[in-house]
Each structure stands twice: as C-alpha cells, then as structure tokens.
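This report concerns only the one structure given below.
The values are calculated or read from the model by the stated rules, or taken from the named source; none is laboratory data. Just so we're clear, the structure is a prediction, and the values are computed from it rather than from any experiment. Quick reminder, even Gly has a Cβ in these numbers, built from the backbone with ideal geometry, and neighbours come from all protein chains shown.
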C-alpha cells in the first residue's frame, strides 16, 4: 500500500491562557498568552496538531495572530485541503509561492508532520533523526523586582533541577543581577537574554559581563542585524547567541560566516517550520556551532514539538522546554510534560505523542472554526 497525505478538513482554535506568573522582558510585561491551535484531519481518521507562536502585536517578529489566521483560512488551507500529497514536505511545497509569513506556515507544517508521523505510527523524533530519549532543560527567568528576588528565583529553580539559568536583561538591568547571581552561585550554567534591547553603544556593558563566566549572551542587538553582532563579537570574549535575527538556514550560514555569533537558538516557528530547522541544524553542524531549542511560552502542543526537535544531535545545550506546570494551571493536552532531574522525557507515542484535551480547549476557545475541502 502506498501511503499518501490527504487532509479532508482543518479545525482552528484560538485560546487565551493566563500565565501563572508575571513575565517581564525588555519588550514589556506578559501575564497571558494567545494560543492559536490547528487540528488537521486525515482521510483515515488520523489527526495532526500544530501551534502558532506568533503574538497579538508584532513585538518579537513581524507576524501577528490576526494576520496568520487570515492567511491560514483564506489562502494556505484552501490550497492544500482535499489534495493528495506524497508526504508532508510535498504539501508544504505547494505553499512555496507565498512569500514570508514563516510562523503561519510553520503552524500548518507542524500539524502536517504530526499527522504524517501518526499515519506511519512512529514518534516524530524518529522521523527527524533524533538521537535522544530525553533532553536537557533550562529555564528562562523574567526580570525581577530586585537583585535579592532574582537570586531567590534562581535558587528556587536550581532546586527544581533546571540545568541552565537564563536571566532576561534590559538597559539599566544587566550587570547588577548577573553579579548578584554569580556571587551566590559561582558554578552554575548562566546566560542572559537581551531580546534586541541594546546597540553597539552599549558594548562596554557586554565587556563588563565577560567577567561573570556566562555561557552566552543572547540576541543583544537589533532583531534584523548581523553586521553589528559581528562587530560586538569581536569586542567580547563571551559567545553571542543569535535568536530573532536568524530566520532561515541561509541567514544562519551568513551569520556564522561573519562570526556574528557562536551559538544559535532554534525556534522552529521563527525560521518557518521543521524542515527549515533541519536545514539550519545541518548548517550549524558544518560550522561546529552548538544549538539549543528556544521557547515562545508554548502550550503542550508546541512544547512537545520542541522536545522532539531537541533530540537532534546538534542540540547540545539545554533548551527552554521547562515543565508545562510552571506556566499553566491547566494545559491544552492530556499528557503532562514535566521536567524531572533536569530532563524532559521525549513523548514516545506516534507523532508528537500527545493528545488534545478537546473538552478543555473547546470550553476556553474564543474562536473555533472548521474548514473543509471545497469550501
């Protein structure tokens, strides 16, 4: 029997999930997350789950929830529903004529990968070429109200077993919390994330951070810059980690060729999906540059995908795949994704290995619509 991918209909849910804590970054303060979910239905009853990582406002990158949902409903889904494809990658090729909008495409592609893996009856990690059954987990801590509160938050999360601590920083709140944390915990794996809040005029700040043995400094400069990052990397000893400015494997090749950074944070939604993440992985391996999987405050659907992606051999640093219970009182999936001893176990069922808690999702969805082939 020849397998084919045939999607008969798609469901879309839009939720707003309250966070269990106040999360402050250089962008501002976040207390909830808008979560777009897509469910693809195959011809033989299988389903595939995908989660969007775009935000309500274009703060991280340019895409927004409203724009992405319009494209999915009016362009992307009508292009693929009711058609037969050799596999999920062939399906995504049909959308290649639509430029940009990587997060919207990644949301659809994630669900197609899940559907295809479930059709084959294998875990997604196996299709991706994963080499691990568990992945190391770090934690990202938002800006706290004081140095003492920062040290307390670090102590709490170290006690829970997290294998890397990342502190969010912004101009005026950078060296002080790092100094306090490093003084209290001399030997921990410690990093900072600036979320593009600085310019080259702040180079002295980053030179001062060299004294604290950071594993890396994440995205210090503009979200669309490579050249200034290369200039800054020449002036600091600490490796720079690139996030927002890496939007494709080709961007990664150029950045690494310029020595604009020496670590890459991979967010599959940011780069346009799993296939592009695989290409980026191979580019980084060619440059012997380590990777780790970043988070966008995903619910369980997106978190499961990140865990599977982190099984690839190039993902050698702890990722932002912290316990779901750290973020949500109730997750959108039935299976708990909880860090134990510094590691997340890879869900080993078919596809993502998780199932949607449909009753909960339907009860909290602000939007729910279905699109079928031919409509």
Next on the checklist: Any residue at all in the stretch 157-166 that's assigned to a strand (DSSP E or B), assigned by TED's automatic domain parsing to the domain that holds residue 241 and crowded, with 20+ Cβ neighbours inside 10 Å?
Outcome noted: yes
Checklist outcome for this item: In the stretch 74-97, anything free of Cβ contacts under 8 Å to residues at least 40 places away in the same chain and either crowded, with 23+ Cβ neighbours inside 10 Å or farther than 11 Å from residue 272 by Cβ (or both) is listed as 74, 75, 76, 79, 93, 94, 97
Checklist entry - Looking at 238, 191, which is the one that is part of a strand (DSSP E or B) and closer than 16 Å to residue 164 by Cβ? => result 191
Checklist entry - In the stretch 279-310, which residues are touching a helix residue (DSSP H, G or I) at 6+ places or on another chain (Cβ under 7 Å) and farther than 18 Å from residue 115 by Cβ? => result 279, 280, 283, 284, 287, 289, 291, 293, 295, 296, 298, 303
Item to check | Any hit, the stretch 275-292, residues being under 17 Å from the mean Cα position of the chain (by Cα), part of a loop (DSSP other than H, G, I, E, B) and surrounded by fewer than 24 Cβ atoms within 10 Å (Cβ to Cβ) | outcome: yes
Checklist entry - What about residue 210, is it in a helix (DSSP H, G or I), more than 20 Å from residue 317 (Cα to Cα), in contact (Cβ under 8 Å) with a residue 12 or more places away in the chain and not assigned by TED's automatic domain parsing to the domain that holds residue 54? => result no
Checklist entry - From the set of residues in the stretch 7-26 that are touching a strand residue (DSSP E or B) at 6+ places or on another chain (Cβ under 9 Å) and surrounded by fewer than 16 Cβ atoms within 10 Å (Cβ to Cβ), which is nearest to residue 142 (Cα to Cα)? => result 22
Next on the checklist: Could you go through the stretch 185-199 and let me know if any residue there is in contact with a helix residue (DSSP H, G or I) (Cβ under 6 Å, 6 or more places away or on another chain) and either surrounded by 15 or more Cβ atoms within 10 Å (Cβ to Cβ) or modelled with pLDDT of 95 or more (or both).
Outcome noted: no
Checklist outcome for this item: Scanning the stretch 339-355 for residues that are more than 19 Å from the chain's Cα centre (by Cα) and either part of a loop (DSSP other than H, G, I, E, B) or surrounded by 13 or more Cβ atoms within 10 Å (Cβ to Cβ) (or both) gives 341, 348, 349, 350, 355
Checklist outcome for this item: The condition of being under 21 Å from the mean Cα position of the chain (by Cα) and buried (at least 19 other Cβ atoms within 10 Å of the Cβ) holds, among 222, 252, only for 252
Checklist entry - Are any residues in the stretch 36-63 in a loop (DSSP other than H, G, I, E, B), under 19 Å from residue 356 (Cβ atoms) and free of Cβ contacts under 8 Å to residues at least 60 places away in the same chain, and if so, which ones? => result 45
Checklist entry - Within the stretch 177-187, is there a residue that is within 25 Å of residue 269 (Cβ to Cβ) and in contact (Cβ under 8 Å) with a residue 12 or more places away in the chain? => result no
